[in-house]
1. With the checklist (1) out of contact with any Phe, Trp or Tyr (no Cβ under 9 Å at 6 or more places or on another chain); (2) open to solvent by 70 Å² or more (accessible area, probe 1.4 Å); (3) charged (D, E, K, R) in hand, flag the one item residue 520 doesn't pass.
2. In this structure, does residue 529 turn out to be open to solvent by 60 Å² or more (accessible area, probe 1.4 Å) and either touching a strand residue (DSSP E or B) at 6+ places or on another chain (Cβ under 7 Å) or within 21 Å of residue 192 (Cβ to Cβ) (or both)?
3. May I ask you to list pairs of residues, at least six apart or on different chains, whose Cβ atoms are under 6 Å apart, with the first in the stretch 914-931 being polar (S, T, N, Q) and the second being crowded, with 20+ Cβ neighbours inside 10 Å and at pLDDT below 90?
4. Among the residues that make up the stretch 46-54, is at least one of them touching a helix residue (DSSP H, G or I) at 6+ places or on another chain (Cβ under 8 Å) and of a type in the set (Lys, Arg)?
5. Working only within the stretch 511-539, note down all residues that are under 16 Å from residue 399 (Cβ atoms) and not hydrophobic (A, V, I, L, M, F, W, C).
6. Would you confirm, using the coordinates I've provided, whether residue 237 is open to solvent by 10 Å² or more (accessible area, probe 1.4 Å) and closer than 26 Å to residue 157 by Cβ?
7. Evaluate the following for residue 895: is it open to solvent by 60 Å² or more (accessible area, probe 1.4 Å), in contact (Cβ under 8 Å) with a residue 60 or more places away in the chain and in contact with a helix residue (DSSP H, G or I) (Cβ under 9 Å, 6 or more places away or on another chain)?
8. On the given criteria, is residue 634 touching a residue at least 12 places away in the same chain (Cβ under 8 Å), surrounded by 15 or more Cβ atoms within 10 Å (Cβ to Cβ) and either more than 40 Å from the chain's Cα centre (by Cα) or part of a loop (DSSP other than H, G, I, E, B) (or both)?
Amino acid sequence: MAGIHEGPEFGIGDFVLLRELSLDAFMENLKLRFEKSKIYTYIGEVVVSVNPYKQLDIYNSSYVQEYKDREIYERPPHIFALADNAHKTMKRQSRDTCIVISGESGSGKTEASKIIMRYIAAVTNISGQKEVERVKDVLIKSNNILEAFGNAKTNRNDNSSRFGKYMDINFDFKGDPVGGHINNYLLEKSRVIYQHKGERNFHSFYQLLSGAQDAMLSEYKLTRDPQKYHFINQGGDPKVGSINDKQDFRGVMDALKATGFTPDEVSTTWKIVAAILHLGNIEFVGEDDATINNQEEPSIIASLLGVTKDNLVKTLLSRVIAAGGQVVDKLLNVQEAQYANKAFSKALYDRLFTWIVGRINDAIDPKKGGIVGKNTVIGVLDIYGFEIFDNNSFEQFCINYCNEKLQQLFIELVLKQEQEEYMKEGIEWQHVDYFNNKIICDLVEIPHNGILAILDEACLNVGKITDETYLEAMAKKLSKHDRFTCRQLEPADKTLEHHRDFRIKHYAGDVTYSVIGFIDKNKDTLFMDFKRLLFNSSNGVLKSMWPEGAQSVNETSKRPITAGTAFKNSMIELVQNLASKIPYYVRCIKPNEVKSPLLFDDTRTRHQVMYLGLLENVRVRRAGFAFRMAYDRFLKRYKMICTKTWPNYKGQVVDGVRALIDSQGYSSDVKYGKSKIFIRSPQTLFALEKARTAKIPSVVLFLQKHTRGALARKRVKRLRAVYLIMHHYKRYKLRSYALACLEKFKNAKKMKDYGLSVQWPKPPNTLRATVEMLKKAHLRWRAFMILSRIPVADRPMMRLKVMAGDVLVGKRADWGVKRNWEGNYLASSKDNSNTADFVSAINTLKSKDQFKTILFSSYVKKTNKFNKTAERGLVITDKFIYKVDAKKKFKPMGHGQLLTQITGVSLTPGKDQLIIIHMSGGNDFVVCLENPAHEERVGELVGILVSHMHKILKSDLKVNISKSLNCMLGHKPRTVVVKETATNNGTVFKKEGDGLALYWPAS
């Protein structure tokens, strides 16, 4: 089902769902997915991973989120899905789980384990606890350290793990990592002293020479040229294109610091590596007893290891033997000294590696982090893959035995899981034939007659026991075993060398082993002299690695367990540990030998598929039913294809599943378990998927319609809520501001200026327009309060004075504001003794010209275009301006001129009564107001004209105030000035140059 998520062009994502189950169909699907860069494929819940030999962008944070908390079949195949399933099962069931990663060297096992670690780190510690974050950091960075000291370039893999690693990660009840523990198995320490052509020693040696600073190398008496050191130059060119030793050294140093290694511990670590390089360059010479040719090397080594040179040289050239109560020094010959030196170098590195693993375990020990109570674990096993070299020795024998044990566990647990599920669900189980490799495991490990038991027996025998005699013993005891052979048992087989080779028919293929070195490597002999030497080191860290060196020379000790038996015991313990957990598997495959991202070697890959038992795994999975799923999830996934179950089924879930299956006609191809439905053939599942795919577009449209409607309604509700909140908030702010204003202006009525001097509170931005209205309202109220003190009869006059004041205040010395303005002075006896004549004349004009009222009237002295001064009367009505002759009973002099012809007025800033009324006809009124009381009336006339003109024209009258005034008389421009005179003959206009002068009597 998983493959359907990706599309048919990518093949089938789960081998269980192959239409035809055969090796050819399996290989065709695997090759197609590799060519499409789909490197992961399922076998049920087993992940088959093909090394792509290139970087793929499928591990970023978006992929993490895509697989987090999803069921394994809900997304396309990925190692993230398996990691998430293991983590989720551990949390849900509170049971330990484990992830077993297996495959050939170079198939990507180490990378798979790092990807799993990064995923677990990414999906845990959501709350950001510092201790959890520290543990995650140590767990991830410890990989750098272990790879540097435990990995090496082989002819098959540039970064091959030369040790087995099993890591238990402890989790608390929330599923966050709180610690862990690492077990290491069988470090290939023979690599320390010897490498095949094209291979390298462990990465750490080359990282030290490439990445260390010059001062550090000088202290260790090293140069950067690896070719100068025998222990690391035997493979040829030390450079590897895919490895940057200098950069990796910096990464290891950072990881050591992050993991908690002290500066002394870091220094000791690299000193031991440097000491091993120098040990490889010691030259032993001599015919009988060995001596050291280059004495500078022991001095350097002694300094690095914190021992004296004399003690080191003595240990390298002799052996202390205690016999019969006597202690004697036995000198070594050249061959013995060389053997002892190599054994010492291997043991040094092996102890260093074991100590490093122990220090990492100390850093991630959950008890030291303060974690108490029960916690669950996820185990991750990254162990060497099955190996077949041209020359296969003791290490390859142990590695291949390990893979036999893991394959046995895999088959047994897969069968066991499958059987348990069928039994739990009440489904009949159909037996599947498969290759059981227990016979091979027994060949290696059974007591007395197993290969390791025969090897231990050979190592325990006193006398001259050689690898050849060990081979003869195996040939004798295993002659009837059909999985073992050698040249002695098959003389005609020339592919086997006499007295050297034996062959085991492994599940992964036939492997020929060279027996040379088996006894030595199994004994793993290291003289006690070396252990005592290093126990007495002045370096405390180094001393702690060799506690057994405290044993006295005269003490007898129990014979140490052999390397083969120790490894066998650790494998049995490992398998028991894995069997106690819920297992998950990553089966890694190497598509070619040349590390090409394009080449798929069918023969090479087919061989791996066969010996990994992948086809048997598919057969086991398909023995009864190809697919199974919990009822609730099945109904949720497929309910849209049946009208009885769409959109929701009201009854029991299992009844809904039955109704769905019956409606599609697949009842004969399914079985109903207690909690799951089991589908027998992949074709039924494909048909269900096809029907679901056809329904999805209409379901999507249905969901879109309702979702958009829901979103629109939600948005409208939100907007309404927003506007309601805004409305009430504005009202609240306005009310708050109004209350603040009331507090400020509460005594304004009693103030002399009615609050004009009060500082307004600063308004919110949203109320600025409202506040301007409030200010205007305050001003209107203030005006009302001022006007309320003025009698109603006086208000028209006050209005005129205000109008006049707007244009005269500050511009004219006196404008009559303090006196009463009467307007029609010619109708008053104070100014005019002939009021009857004036009234009679005005009534005649009123009847004739239809005006309503007189706005202003006064005696004036006027001038004309001939510069003549004449006494006249000036009458301004609501429509016309009249000149009247006071001496002829106020007879009008010509027709009145319309007020709308007035274009402006001009007056001086002084106390004179000169005023010019500008007319549009080109002949202005140039007059000086006269009255017996000598009152200031110009201001009154200006106020009347400004007010009335604004009323009839809806515009302001232009008022010009200047000492020199311009006017038009007889259509000619004239200039008028005012001059004071001492004569008391009254005002008079006189010609003065091209202009006029009004002579005004000085007061």
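The values are calculated or read from the model by the stated rules, or taken from the named source; none is laboratory data. Computed from a predicted structure; not experimentally measured. Every residue, glycine as well, gets a Cβ built from its backbone with ideal geometry; the counts of neighbours run over all protein chains shown. With ligands, DNA and RNA removed, areas are computed over all heavy atoms of the protein, side chains included. Shrake-Rupley method; radii C 1.70, N 1.55, O 1.52, S 1.80 Å.
1. For residue 520, the exception is condition (1).
2. Working: open to solvent by 60 Å² or more (accessible area, probe 1.4 Å): no; either touching a strand residue (DSSP E or B) at 6+ places or on another chain (Cβ under 7 Å) or within 21 Å of residue 192 (Cβ to Cβ) (or both): yes.
So residue 529 fails the test.
3. 931/831
4. no
5. Within the stretch 511-539, the subset under 16 Å from residue 399 (Cβ atoms) is 511-514, 517-518, 521-522.
Answer for the stretch 511-539, where residues must be under 16 Å from residue 399 (Cβ atoms) and not hydrophobic (A, V, I, L, M, F, W, C): 512, 513, 514, 517, 521, 522.
6. yes
7. No: the conditions fail for residue 895.
8. Criteria not met by residue 634.
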